[in-house]
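Let me begin by presenting the structure, written as structure tokens, before commenting on it.
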Amino acid sequence: MLHIAGPPAPETLRHDQLARRQRIVRTALRALASSDVDQVRISEVARDSGVALGTLYRYFASKEHLLAAAFVEWQAALNKKLEKEPPAGETEAQRLRDVFHQTIRAFQMQPQFFGVMMMLSATTDTYADDVYQSVSSQFRESVQTALEGPLDEDHRAIFTTINSVLESSLRAWVRNRATIQDVYDNVDNAIRLIYEYTPA
């Protein structure tokens, strides 16, 4: 049986190949910054990055794989901001609120990137899924800066709960079933219930 190798991992590329791959990713990122996911055309990304379509597919298995790589670039900028400016607040709850509010604000400014997230959460492309999982891991690390201790079992449960509220609220927002204020309020309520709620 003929085995067709997939795209090479970035760390295995020569300097010139890595530069070409990065140029393609940044071109896709610019396309996403001004268009919805469905409007981004692989052929146009190849043309605008100065490579043949076949060359683009040497680096990316699919459109989803390419957009996942572009999303990594976008997420990295948010992560750098979170790392550069420690979360504001005296308590863990306040710091978590700040981190999640910054995340909401980033999607509020460029909602098409949440569209990429929705696409990647349902992808069957293993290359795209690997990239998506790494993005999720990086976000967890950013949230960790708000915590008072290590990411233990309780803190993982807190992160999972708040992040689930965030994602479901953003999904409702991009589908025009909720306002952006609803997204902020839902996340705030989740944090309040976790840290302040005491049953009567």
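The values are calculated or read from the model by the stated rules, or taken from the named source; none is laboratory data. Predicted model, so just to flag it, every value in this text is computed and none were measured. Neighbour counts are summed over all protein chains in view; Cβ atoms, including those assigned to glycine, are modelled from backbone coordinates with ideal geometry. We work out accessible area using only protein heavy atoms, side chains counted, and drop any ligands, DNA or RNA first. Shrake-Rupley method; radii C 1.70, N 1.55, O 1.52, S 1.80 Å.
Figures for the structure shown
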quantity	calculated
Listed peptides 57-64, 82-89 by packing density, highest first (mean Cβ within 10 Å)	57-64, 82-89
Per residue value of the accessible surface for the chain (all protein chains in place, 1.4 Å probe), Å²	57
Degrees, to the nearest 10: 15-34 long Cα axis against longest axis of the chain	60
Top positive-direction residue, dipole computed over the chain with Cβ charges, set Phe107, Ile191, Ala88	Phe107
Within straight-line cross-link reach of Lys84, aspartates and glutamates at Cα separation under 20 Å, skipping those fewer than 8 residues along the same chain	Glu73, Glu92, Asp98, Glu141, Glu148
Estimated inter-spin distance, Asp36 and Thr126, nm [label 7 Å along Cα→Cβ]	3.3
Helix 112-121 axis, angle to the chain major axis (alpha carbon atoms, nearest 10°)	80
Structure-based [θ]222 nm, the chain - -39500 (n - 2.57) summed over DSSP H runs of at least 4, per residue, nearest 500	-23500 deg cm²/dmol
